[in-house]
Amino acid sequence: MGKVEPVHVIGGGLAGSEAAWQAAGMGVPVVLHEMRPVRGTEAHQTESLAELVCSNSFRSDDALNNAVGLLHEEMRRSGSLILAAADRHKLPAGGALAVDREGFAAAVTARIAAHPLIEIRREEIAGPPPADWTSVIIATGPLTAPDLAQAILELTGESALSFFDAIAPIVHKDSIDFDKAWFQSRYDRVGPEGDGADYINCPLSRDEYDAFHVALLAGEKADFKEWEKSTPYFEACLPIEVMAERGPRTLCFGPMKPVGLTDPKTGRRPHAVVQLRQDNALGTLYNMVGFQTKLKHGEQARIFRMIPGLERAEFARLGGLHRNTFINSPRLLDRELRLKAQPRLRFAGQITGVEGYVESAAIGLLAGQLAARARLGLATEAPPATTALGALLNHITGAADARTFQPMNVNFGLLPELPVPAGLSRAAEKQWRAERKPALARRALEDLAAWQARLGMTGAAPLAVAI
Ligand SMILES: Cc1cc2nc3c(=O)[nH]c(=O)nc-3n(C[C@H](O)[C@H](O)[C@H](O)COP(=O)(O)OP(=O)(O)OC[C@H]3O[C@@H](n4cnc5c(N)ncnc54)[C@H](O)[C@@H]3O)c2cc1C
């Protein structure tokens, strides 16, 4: 084979560093463009690659019972630099993987700098990537510098790039009590892909509504960061508690309006209603419509479990509003993270609409592998949707609803369900569902190994180098 052209990675954060490492590890030269320290962001404080801008935790490290722990394990088995550096610089934190942030970032920076196939250029890319860069990974994160953000906006269209997320909580469907909740669309209206019963409805009586309203007003809220306050959020995305502050009845005329709905238990319209809409193609996750919020996470779980039908709700993710930059990936990207309109450009990290350090690095890992395989003329195949890596990729590149797309953490609800064993009683099935996570995780690790073997991946072993 002749000289292999480089892959250009823009952004040396969690995703860009991992993407560069993976591509270079497969023998493909990489040019990594990182703007710090030439230009900073509102949150980064150093010039290190893979700087952690806030918490020092990679969350649960329990591979069998927690989806992010499973993602850790899959990344370890894929030769991840981010996971190897995290393991090397881990601090005592119970079941979580927390790291010494300076040691971690220094290790990633040193490994990348020492790699013979990676060139680091400290420069801002302040417009569309030059036309002669035939393979590019854009991994510039939630605080993408404005000129590049503008270029992405021109490539993708205004409605496909967001500068703020407005995340409503997402609930595992199997934790909803259907003795109280029921399926119905307002006025039983049949939409383009629906059947007139597309929403899950949770009814509130007058007393339940009043108590809920009081709890919303009293609930502890998270603050906007000083630099976030200057980014306006739109009237359509007001936090639920801000709407509640406008008056005791405001929610009844907004997201909690009961019109067009009949509670089958009473045959009447409830006083107020909370609607949940399907959030993934598998139908395992439902989002609480209009419930974007700045309530603290503990408060969200406590207050939203006051809603009849959600008393035992398990949240796949809780709500939030943050300054963020992300594209509408389900609409814009193909299965290999390439911009459909310009396939030389791949996206990776938080900008693809995943949420969190680990998820961002995971998408960087896949983008790096995919770009390298394409450069080397090797066949590609997405990781199976039964793996955490594959489920996350599947979600952002197709399974999520593009019309309501908001950033997503990895969770077991993104993985296809295991078949329920036949003949279980209702109670036994509930028990089986509660205990199915290790089985999902084992299936994921087996399927990952089979996929890696199919593609002849040699990076499958945990990284053997000292960091
Ligand atoms: C304030 C804040 C706090 C967060 N806290 C957490 C948390 O506690 N836990 C968690 O899991 N997640 C958190 N996140 C979410 C997210 O997971 C992290 O931001 C994560 O770092 C995303 O990884 P990334 O690689 O996509 O982006 P980043 O790690 O931000 O990397 C992007 C890189 O691109 C560079 N860059 C940007 N524009 C350009 C350009 N035009 N040219 C060249 N380089 C450029 C930046 O300097 C940066 O180094 C937080 C996000 C923010 C904004």
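Give me the net charge of GLY353's neighbourhood, meaning all other residues with Cβ under 11 Å from the Cβ of GLY353; Lys, Arg count +1, Asp, Glu -1. Don't skip to the end; give the middle numbers.
Working: positive: ARG331; negative: ASP165, GLU355, GLU359.
Residues close to GLY353 contribute a combined charge of -2.
Please list 3J(HN,Hα) in residue order for the range 329-343, calculated via the Karplus relation 6.51 cos²θ - 1.76 cosθ + 1.60 where θ = phi - 60°; whole Hz, with x for glycine and proline.
4, x, 8, 9, 9, 8, 5, 9, 6, 8, 5, 4, 6, 8, x
So what does TYR187 come to for accessible area, using a 1.4 Å probe and Å² rounded to 10?
Per-residue accessible area (TYR187): approximately 130 Å².
Using a simple spin-label model with points 7 Å from Cα along the Cα→Cβ vector, what separation in nm is obtained for LEU64 and VAL420?
2.5 nm
Kyte-Doolittle mean at least -1.0 and Cα extent at least 30 Å along the axis: which DSSP H helices of the chain qualify? Kindly include the intermediate steps, with their values, before the conclusion.
Working: long enough: none.
Helices passing the filter in the chain: none found.
How large is the accessible surface per residue of the range 175-217, computed with a 1.4 Å probe and reported in Å² as a whole number?
Working: 2310 Å² over 43 residues.
Roughly 54 Å² per residue, with all protein chains present.
Roughly speaking, what % of Cα-Cα pairs in the range 332-466 are separated by over 17 Å, rounded to a whole number?
Working: 5819 of 9045 pairs.
Of all Cα-Cα distances in the range 332-466, 64 percent exceed 17 Å.
When a/c reaches 1.5 or more, the comparison of a/b and b/c decides; with that in mind, is the range 246-332 rounded, prolate or oblate per its Cα gyration tensor? Can you show the working numbers first?
Values: a/c = 1.64, a/b = 1.44, b/c = 1.14.
Prolate, because a/c is 1.5 or more and a/b exceeds b/c.
Top to bottom by accessible area (1.4 Å), largest first, where do ASP263, ASP188 land? Write down the numbers at each step before the final one.
Values: ASP263 15, ASP188 90 Å².
Listed by decreasing accessible area, they come as ASP188, ASP263.
Report the net charge of residues surrounding ILE303, where surrounding means a beta-carbon distance below 11 angstrom and charges are Lys +1, Arg +1, Asp -1, Glu -1. Walk me through the numbers on the way to the answer.
Details: positive: LYS296, ARG302, ARG305; negative: GLU220, GLU241, GLU299.
Local net charge: 0.
Just to verify a number: FRET efficiency for ALA218 and ASP147, C-beta to C-beta distance, R0 = 41 Å, to 0.05?
Details: r = 43 Å, r/R0 = 1.06.
That gives a FRET efficiency of 0.40.
Using a 1.4 Å probe on the protein chains only, how many percent of the accessible area of the chain belongs to carbon and sulfur?
Numbers: 10460 of 19630 Å².
So the carbon and sulfur contribution to the accessible surface is 53 percent.
In whole Å, what are the Cα extents of the range 13-151 along the three principal axes, biggest one first?
Result, largest extent first: 46, 35, 26 Å.
Dividing the Cα radius of gyration by the Kirkwood radius, what Rg/Rh value follows for the chain? Kindly include the intermediate steps, with their values, before the conclusion.
Details: Rg = 22.8 Å, Rh = 23.2 Å.
Checking Rg against Rh, the ratio lands at 0.98.
For GLU245, GLU228, GLU381, what's the largest-to-smallest order of accessible area, 1.4 Å probe? Walk me through the numbers on the way to the answer.
Working: GLU245 120, GLU228 10, GLU381 70 Å².
The ordering from most to least exposed comes out as GLU245, GLU381, GLU228.
Please identify every one of the trypsin sites (Lys or Arg not before Pro) in the range 194-275 that sits in a loop by DSSP and has no more than 13 other beta carbons within 10 Å of its own beta carbon. Walk me through the numbers on the way to the answer.
Values: sites: ARG206, LYS221, LYS225, LYS229, ARG246, ARG249, LYS265, ARG268; in loops: LYS225, LYS229, ARG246, ARG249, LYS265.
Sites meeting the loop and neighbour criteria: LYS225, LYS229, ARG246, ARG249, LYS265.
Per DSSP H run of at least 4 residues, take -39500 (n - 2.57); add these up for the chain, divide by its residues and hand me the 222 nm value, nearest 500 deg cm²/dmol. Don't skip to the answer; put the middle values down first.
Values: 14 runs with 144 residues, N = 467.
Helix contribution divided over all residues of the chain: -9000 deg cm²/dmol.
For the range 232-309, what does the accessible surface come to per residue with a 1.4 Å probe? Please give it in Å².
Working: 3400 Å² over 78 residues.
So the range 232-309 comes to 44 Å² accessible per residue, rounded to a whole number.
For the range 307-313, in order, what is each residue's ³J(HN,Hα) by Karplus, 6.51 cos²θ - 1.76 cosθ + 1.60 with θ = phi - 60°, in whole Hz (x at glycine and Pro)?
6, x, x, 10, 4, 10, 4
Can you give the net charge of the other residues whose Cβ lies under 13 Å from the Cβ of LEU117, counting K and R as +1 and D and E as -1? Show your work: numbers first, answer last.
Working: positive: LYS3, ARG111, ARG375; negative: GLU5, GLU119.
With Lys, Arg at +1 and Asp, Glu at -1, the net is +1.
Let me check something: with ligands and nucleic acids excluded, how do PHE315, PHE412 order by accessible area (1.4 Å probe), largest to smallest?
Values: PHE315 40, PHE412 15 Å².
Per-residue accessible area, sorted high to low, gives PHE315, PHE412.
What share of the DSSP beta bridges in the chain is antiparallel, in percent to the nearest 5? If you can, show how the numbers build up before the last one.
Working: 32 of 48 bridges.
The answer is about 65 percent antiparallel.
Mind listing the long-range amide H neighbours of HIS33? Cut-off is under 5 Å, sequence gap 5 or more, other chains count too, H placed in the peptide plane at 1.01 Å from N.
Those qualifying (amide H under 5 Å, at least 5 residues apart or on another chain) are VAL9, ILE10, GLY11, ARG121.
The values are calculated or read from the model by the stated rules, or taken from the named source; none is laboratory data. No experiment lies behind these values; they were computed from the predicted model shown. Positions of Cβ are generated from backbone atoms using ideal geometry, with glycine treated the same way; all protein chains shown enter the neighbour counts. Please note that ligands, DNA and RNA were not included when accessible areas were found on the heavy atoms of the full protein model with its side chains. Shrake-Rupley method; radii C 1.70, N 1.55, O 1.52, S 1.80 Å.
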